[in-house]
Structure formats: structure tokens, C-alpha cells
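Asker: Handing you this structure, nothing more for now.
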Amino acid sequence: MSEDDSTGIQDVRGLTAQRKTEEPYFIVLAGGPVGMMHRLRANQEMVIGRSVDADVRVEDDGVSRRHAKV
């Protein structure tokens, strides 16, 4: 496995410390839009990806059009 394929671990407490909420968020930890936070809708399925139809759009070459469903 090359260094580019390794799993990275980042401390996100600084990103979320300003938020005093228990709402779910998706936080971009790597790539171009690092630190972007997207509020997720509780109890509702959402698609994350590059597609214009994705609920959470992430513009990064490493993300597929319909990358994940949460």
C-alpha cells in the first residue's frame, strides 16, 4: 500500500467546538474543500457525491457522482 492509500486520522474537535448542537453533520476531512460542514437531515436518507442531484455535493476528483448514502 502506498502512502496515498493509507487511512488518515484527524482531530475534528476544533471544527465542531463552535457548534452546540446534537444535529448530525458531514465534515470533509481531506481534499479540496477540507473543513466544509454539511448538516444532514435526521431520519432521512441522503446521497453524498459530485452529482448535481446529490444532497451533499463534494467537488473532489476522489469522490464519485453518487459516492455514499447515509
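The values are calculated or read from the model by the stated rules, or taken from the named source; none is laboratory data. Please read all numbers here as calculations on a predicted model, not as lab measurements. Note that each Cβ is placed from the backbone with ideal geometry, even for glycine, and that neighbours are counted across all protein chains shown. Accessible surface is based on the protein model in full, side chains and every heavy atom, while ligands, DNA and RNA are left aside. Shrake-Rupley method; radii C 1.70, N 1.55, O 1.52, S 1.80 Å.
Asker: Could you check the spin-label model distance between Asp61 and Met46? Points 7 Å from the Cα along Cα→Cβ, value in nm.
Answerer: That separation, rounded to one decimal, is 2.7 nm.
Asker: Now for a separate question. Scan the range 18-70 for trypsin sites (Lys or Arg not before Pro) in coil per DSSP, keeping those whose Cβ has at most 14 other Cβ atoms within 10 Å, and list them by number.
Answerer: Passing sites in the range 18-70 are Arg19, Lys20, Arg41, Arg65, Arg66.
Asker: Right, next: Per 0.36 nm of contour for each residue apart, how much would the distance between Val34 and Asp53 grow if the chain were fully extended, relative to their Cα-Cα spacing?
Answerer: Gain on stretching Val34 to Asp53: 4.7 nm.
Asker: Same structure, new question: If His67, His38 are ordered by their accessible area, calculated over protein heavy atoms with a 1.4 Å probe, which sequence runs from highest to lowest? It would help to have the intermediate numbers written out before the result.
Answerer: Numbers: His67 100, His38 35 Å².
I get His67, His38, largest accessible area first.
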